[in-house]
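The values are calculated or read from the model by the stated rules, or taken from the named source; none is laboratory data. Note that this is a predicted model, so its numbers are computed, not measured. As a convention, Cβ positions derive from the backbone with ideal geometry for all residues, glycine included, and neighbour counts pool all protein chains shown. Please note that ligands, DNA and RNA were not included when accessible areas were found on the heavy atoms of the full protein model with its side chains. Shrake-Rupley method; radii C 1.70, N 1.55, O 1.52, S 1.80 Å.
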Amino acid sequence: MNAPKSATRSVVTNSDDISLITPLALRKSIRSGEHTGTTTGYASGYLQGNLAILPRAYADAFLQFCVQNPKSCPLIGMSEPGSPYIPQLGVDLDIRTDLSGYRIFRGTPDYTSAADISDVWRDDLVTFVLGCSFSFEAAITRSGVRLRHIDAKRNVPMYVTNIPTTPAGRFHGPLVVSMRSFAPGDAIRAILYSDRYRLAHGAPIHIGDPAQIGITDIQKPDFGDEPVIHEGDIPVFWACGVTPQMAIRNALPEFAITHEPGLMLVTDVLAEAAEFSLQAKPESHHP
């Protein structure tokens with residue numbers, strides 16, 4: 001496994017009120033190379049998404065993996081084979097350029113990193129966009145609860161657990177979680193607010209002792225940045241859309257692309273209305 005990449009904020013957008021930037025403006029900033037970091041805290045209130053891109057021959061099995069594991073893989077968008085566009089997710093949205101970091105897999109667990117995938121795009125690729133926990137962070141902060149990783153200008157920490165996912169074809173592997181720490185009263189509010197966002201992983205899957213879900217050192221995440229934990233804090237763990245990256249490493253398709261953890265696709269869809277506004281009914285794509 002390659003070393004985790006820390007995704008820090010870009011210099012250009014750090015001086016702005018990052019929560020107020022529009023999704024389209026952020027995507028254009030990413031496309032031009034001005035914004036190169038994490039999207040946590042940006043475009044407040046809009047749905048963000050994890051990315052998995054696979055050849056058409058693997059699309060049906062991966063779709064079934066998402067159906068079998070809706071907590072970690074809530075599907076919010078799916079492209080036609082070969083198309084880098086998913087119109088229902090945004091105006092002027094291009095999957096090839098609008099994330100600030102991609103991981104390209106070529107039949108092995110290792111990957112190469114890229115800021116643009118236009119030169120490796122293929123006519124048989126199917127894009128899956130999966131909900132992200134960044135989408136409910138605005139609701140938590142509006143309630144007056146501080147998010148320590150945003151205050152510290154860090155990516156959220158993510159961990160591989162000992163909790164298995166439900167396999168589908170060749171796709172299988174452990175659940176990945178993101179962690180946010182809170183004072184006890186704030187933890188309760190964060191849990192209640194996140195539960196309203198089912199397409200962004202919903203309520204957490206674990207609270208408290210990280211060892212119970214196989215995390216041996218909470219200060220050493222597998223992805224993202226080192227956590228900020230204050231004395232008396234309770235760690236709260238949400239299912240994470242990096243989970244498919246573990247399944248892709250196990251399935252070993254001859255080609256696949258994912259996002260760099262924490263560097264998400266920011267859509268034009270309001271997070272609060274996502275379950276009602278997204279009427280996606282993905283169809284099987286046969287080879």
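Taking θ = phi - 60°, what integer Hz values does the Karplus form 6.51 cos²θ - 1.76 cosθ + 1.60 yield along the range 168-177, in sequence order, with x for Gly and Pro? Result, ordered by residue: 8, x, 7, 8, 6, x, x, 6, 9, 10 Hz. Could you work out how far the C-alpha centroid of the range 103-131 sits from that of the range 181-219, in angstrom? What the calculation gives is 30 Å, centre to centre. How large is the helix-only mean residue ellipticity at 222 nm for the chain, computed as the sum of -39500 (n - 2.57) over DSSP H runs with n ≥ 4, divided by its residue count, in deg cm²/dmol to the nearest 500? Counting only the DSSP helices, I get -5500 deg cm²/dmol. When only the Cβ of Lys, Arg, Asp and Glu is charged (+1, +1, -1, -1), the dipole of the range 82-125 relative to its Cα centre reaches about 160 debye. The coefficient of translational diffusion for the chain, derived via Stokes-Einstein from the alpha carbon Kirkwood radius under 25 °C and 0.890 mPa s, stands at 132 µm²/s. Let a ≥ b ≥ c be the square roots of the eigenvalues of the Cα gyration tensor of the range 149-280; is it rounded (a/c under 1.5), or, if not, prolate (a/b larger than b/c) or oblate? Oblate is the answer for the range 149-280, as a/c is 1.5 or above yet b/c matches or exceeds a/b. Summed over the residues of the range 132-287 and divided among them, the accessible surface reaches 41 Å² per residue at a probe radius of 1.4 Å. Around the amide H of Tyr111, modelled in the peptide plane, lie the amide H atoms of Asn2, all under 5 Å away and 5 or more residues distant in sequence or on another chain. Ligands, DNA and RNA left out, the accessible area of the chain computed with a 1.4 Å probe is 53% carbon and sulfur.
Where in the range 43-64 does the label zone of Glu275 land, with the point 7 angstrom along Cα→C-beta and an amide N cut-off under 20 Å? It comes to 45-50, nothing else. Here the peptides 149-155, 112-118 are ranked by packing, the mean other Cβ count within 10 Å, and the order with the highest first is 149-155, 112-118. Straight-line cross-link reach from Lys28 at under 12 Å between alpha-carbon atoms covers these aspartates and glutamates, not counting any fewer than eight positions away in the same chain: Asp92, Asp94, Asp98. By the gyration tensor of its Cα atoms, with a ≥ b ≥ c the square roots of the eigenvalues, what is the shape of the range 43-114: rounded for a/c under 1.5, prolate for a/b over b/c, or oblate? Judged from the Cα gyration tensor, the range 43-114 comes out rounded (a/c under 1.5). At what distance in nm do the modelled label points of Arg189 and Arg148 sit from each other, each positioned 7 Å from its Cα along Cα→Cβ? Distance between label points: 1.7 nm. Fully extending the segment from Arg196 to Asp94, taken as 0.36 nm per residue of separation minus the present Cα-Cα distance, adds 33.9 nm. Ignoring aspartates and glutamates fewer than eight residues from Lys153 along the same chain, the ones with Cα atoms less than 16 angstrom from its Cα are Asp16, Asp17, Glu137, Asp225, Glu226. Each peptide in 126-133, 165-172 was scored by the mean count of other Cβ atoms within 10 Å over its residues; highest first, the order is 126-133, 165-172.
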